[in-house]
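Enquirer: My structure is below; once you've seen it, I'll send some questions.
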Amino acid sequence: NGGTDVVLQMPRGNLEGISPRALVLTAIAEALQELRYAEAWSLANINRVDLNLLVDYQWPAFLQHAPAFVAAISRPADLCDLMLVLRPDSVVASGGIYASIPELLGQGGKQAVAAPPAHAPVQGADKVNAVCQALREAV
(Lines give C-alpha, C1' and ligand atoms only; values in the text may rest on other atoms or scores of the structure.)
Protein backbone atom coordinates (compact mmCIF):
# COMPACT_ATOMS: atom_id res chain seq x y z
CA ASN A 1 0.00 0.00 0.00
CA GLY A 2 2.91 2.34 -0.69
CA GLY A 3 4.20 2.23 2.87
CA THR A 4 1.15 3.99 4.27
CA ASP A 5 -0.08 1.29 6.63
CA VAL A 6 0.35 1.74 10.37
CA VAL A 7 -0.33 -0.94 12.97
CA LEU A 8 -1.58 0.28 16.34
CA GLN A 9 -1.89 -1.78 19.49
CA MET A 10 -5.01 -0.90 21.42
CA PRO A 11 -5.16 -0.85 25.25
CA ARG A 12 -6.70 -4.32 25.40
CA GLY A 13 -3.95 -5.75 23.23
CA ASN A 14 -5.71 -6.09 19.89
CA LEU A 15 -3.93 -4.78 16.80
CA GLU A 16 -5.52 -2.37 14.34
CA GLY A 17 -4.16 -1.58 10.89
CA ILE A 18 -4.89 1.88 9.53
CA SER A 19 -3.71 4.14 6.72
CA PRO A 20 -3.47 7.71 8.09
CA ARG A 21 -4.72 10.25 5.58
CA ALA A 22 -1.55 12.36 5.87
CA LEU A 23 0.64 9.39 4.89
CA VAL A 24 -1.68 8.41 2.05
CA LEU A 25 -1.80 11.93 0.59
CA THR A 26 1.98 12.28 0.86
CA ALA A 27 2.51 8.93 -0.89
CA ILE A 28 0.07 9.88 -3.67
CA ALA A 29 1.75 13.27 -4.16
CA GLU A 30 5.21 11.67 -4.33
CA ALA A 31 3.99 9.05 -6.81
CA LEU A 32 2.46 11.79 -8.99
CA GLN A 33 5.66 13.85 -8.87
CA GLU A 34 7.60 10.81 -10.08
CA LEU A 35 4.94 9.97 -12.72
CA ARG A 36 4.16 6.62 -11.09
CA TYR A 37 0.51 6.80 -12.05
CA ALA A 38 -0.35 3.16 -11.36
CA GLU A 39 0.80 3.52 -7.75
CA ALA A 40 -0.99 6.87 -7.32
CA TRP A 41 -4.18 5.40 -8.78
CA SER A 42 -4.00 2.34 -6.54
CA LEU A 43 -3.44 4.40 -3.39
CA ALA A 44 -6.23 6.84 -4.24
CA ASN A 45 -8.66 4.08 -5.16
CA ILE A 46 -7.98 1.80 -2.17
CA ASN A 47 -8.03 4.66 0.35
CA ARG A 48 -11.07 6.39 -1.15
CA VAL A 49 -9.27 9.62 -1.97
CA ASP A 50 -11.08 11.92 -4.38
CA LEU A 51 -9.75 10.96 -7.82
CA ASN A 52 -9.73 14.62 -8.86
CA LEU A 53 -6.48 14.83 -6.91
CA LEU A 54 -4.75 12.82 -9.65
CA VAL A 55 -5.66 15.51 -12.19
CA ASP A 56 -5.46 18.64 -10.04
CA TYR A 57 -2.20 17.96 -8.22
CA GLN A 58 0.12 19.01 -11.07
CA TRP A 59 -2.40 20.76 -13.28
CA PRO A 60 -2.02 21.40 -16.24
CA ALA A 61 0.94 19.00 -16.60
CA PHE A 62 -1.56 16.12 -16.33
CA LEU A 63 -2.73 16.92 -19.86
CA GLN A 64 0.75 16.35 -21.27
CA HIS A 65 1.18 13.14 -19.26
CA ALA A 66 -2.22 11.69 -20.18
CA PRO A 67 -0.70 8.98 -22.45
CA ALA A 68 1.51 7.77 -19.58
CA PHE A 69 -1.48 7.85 -17.23
CA VAL A 70 -3.63 5.81 -19.63
CA ALA A 71 -0.79 3.31 -20.14
CA ALA A 72 -0.41 2.90 -16.36
CA ILE A 73 -4.11 2.32 -15.74
CA SER A 74 -4.81 -1.17 -17.03
CA ARG A 75 -8.59 -1.34 -16.75
CA PRO A 76 -10.85 0.81 -18.95
CA ALA A 77 -13.39 0.87 -16.12
CA ASP A 78 -10.86 2.75 -14.00
CA LEU A 79 -10.56 5.49 -16.62
CA CYS A 80 -14.35 5.69 -16.70
CA ASP A 81 -14.37 6.04 -12.90
CA LEU A 82 -12.01 9.00 -13.17
CA MET A 83 -14.05 10.69 -15.89
CA LEU A 84 -17.26 10.20 -13.92
CA VAL A 85 -15.95 11.98 -10.82
CA LEU A 86 -14.26 14.91 -12.58
CA ARG A 87 -15.38 18.23 -11.16
CA PRO A 88 -14.73 21.71 -12.53
CA ASP A 89 -13.20 22.99 -9.27
CA SER A 90 -9.74 22.11 -7.99
CA VAL A 91 -9.35 19.93 -4.89
CA VAL A 92 -5.87 21.37 -4.20
CA ALA A 93 -6.78 25.05 -4.52
CA SER A 94 -7.34 27.17 -1.45
CA GLY A 95 -10.55 25.92 0.12
CA GLY A 96 -10.31 22.54 -1.63
CA ILE A 97 -10.47 19.32 0.37
CA TYR A 98 -6.77 18.61 -0.26
CA ALA A 99 -5.46 22.18 0.01
CA SER A 100 -3.22 21.02 2.88
CA ILE A 101 -1.00 18.84 0.66
CA PRO A 102 1.70 21.54 0.28
CA GLU A 103 1.98 21.72 4.07
CA LEU A 104 2.29 17.94 4.30
CA LEU A 105 5.12 17.91 1.76
CA GLY A 106 6.98 20.97 2.94
CA GLN A 107 8.75 23.16 0.40
CA GLY A 108 8.68 20.57 -2.42
CA GLY A 109 4.90 20.40 -2.33
CA LYS A 110 4.50 24.14 -2.70
CA GLN A 111 6.37 24.03 -5.98
CA ALA A 112 4.34 21.06 -7.21
CA VAL A 113 1.00 22.81 -6.79
CA ALA A 114 2.07 26.25 -7.92
CA ALA A 115 -0.49 28.26 -9.82
CA PRO A 116 -0.77 27.17 -13.45
CA PRO A 117 -0.11 29.61 -16.28
CA ALA A 118 -2.90 32.08 -16.99
CA HIS A 119 -3.69 30.48 -20.37
CA ALA A 120 -4.30 27.03 -18.87
CA PRO A 121 -7.91 26.00 -18.25
CA VAL A 122 -8.08 25.71 -14.48
CA GLN A 123 -11.71 25.71 -13.52
CA GLY A 124 -15.09 25.26 -15.08
CA ALA A 125 -16.12 23.04 -17.92
CA ASP A 126 -12.79 23.74 -19.64
CA LYS A 127 -10.94 21.55 -17.14
CA VAL A 128 -13.34 18.65 -17.47
CA ASN A 129 -13.40 18.90 -21.26
CA ALA A 130 -9.61 19.20 -21.48
CA VAL A 131 -9.07 16.12 -19.31
CA CYS A 132 -11.65 14.04 -21.19
CA GLN A 133 -10.16 15.08 -24.53
CA ALA A 134 -6.59 14.28 -23.40
CA LEU A 135 -7.68 10.87 -22.11
CA ARG A 136 -9.64 10.13 -25.29
CA GLU A 137 -6.66 11.03 -27.47
CA ALA A 138 -4.37 8.88 -25.30
CA VAL A 139 -6.61 5.84 -25.62
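The values are calculated or read from the model by the stated rules, or taken from the named source; none is laboratory data. Please read these numbers as outputs of a predicted model, since none were measured by experiment. Glycine also receives a Cβ, built like all others from the backbone with ideal geometry; neighbour counts cover every protein chain displayed. Protein only, heavy atoms only, side chains kept; ligands, DNA and RNA dropped before computing areas. Shrake-Rupley method; radii C 1.70, N 1.55, O 1.52, S 1.80 Å.
Enquirer: Kindly report, to the nearest 10 Å², the accessible surface of residue 39 as traced by a 1.4 Å probe over protein heavy atoms only.
Expert: 60 Å²
Enquirer: Another question, then. Once the Cβ-Cβ distance between residue 85 and residue 9 is put in as r, and R0 is 35 Å, what FRET efficiency do you end up with, to the nearest 0.05? Walk me through the intermediate numbers first.
Expert: Working: r = 36 Å, r/R0 = 1.03.
Computed FRET efficiency for residue 85 and residue 9: 0.45.
Enquirer: Can you give the convex hull volume per residue for the Cα atoms of region 36-105, as a whole number of Å³?
Expert: Working: hull volume 6.5 nm³, N = 70.
Hull volume over Cα atoms, normalised by residue count, gives 94 Å³.
Enquirer: In region 1-48, with Lys and Arg counted as +1 and Asp and Glu as -1 at Cβ, which of these residues, 10, 20, 38, has the Cα nearest the positive end of the dipole, that is, farthest along it?
Expert: 10
Enquirer: For region 12-62, what is the accessible area per residue in Å² when the probe is 1.4 Å?
Expert: Details: 2290 Å² over 51 residues.
Accessible area per residue, region 12-62: 45 Å².
Enquirer: Determine the gain in length on full extension of the stretch residue 100-residue 16; use 0.36 nm per residue of separation and subtract their C-alpha separation, reporting nm with one decimal.
Expert: 27.6 nm
Enquirer: Can you give me the solvent accessible area of residue 42 with a 1.4 Å probe, rounded to the nearest 10 Å²?
Expert: For residue 42, the solvent-accessible surface is approximately 50 Å².
Enquirer: In whole Å, how far is the Cα centre of region 40-85 from that of region 125-139?
Expert: 12 Å
Enquirer: Using a/c under 1.5 as the rounded threshold, could you call region 16-57 rounded, prolate or oblate? The axes a ≥ b ≥ c are square roots of the C-alpha gyration tensor eigenvalues, and prolate needs a/b larger than b/c, oblate otherwise. Let's see the in-between values first.
Expert: Numbers: a/c = 1.87, a/b = 1.62, b/c = 1.15.
Cα axes put region 16-57 in the prolate bin.
Enquirer: Another question, if that's okay. Ignoring ligands, DNA and RNA, please state the percent of accessible area on region 1-105 from carbon and sulfur, probe 1.4 Å. Please report the intermediate quantities before stating the final value.
Expert: Numbers: 3030 of 5550 Å².
Taking all protein chains in place, region 1-105 shows 55 percent carbon and sulfur surface.
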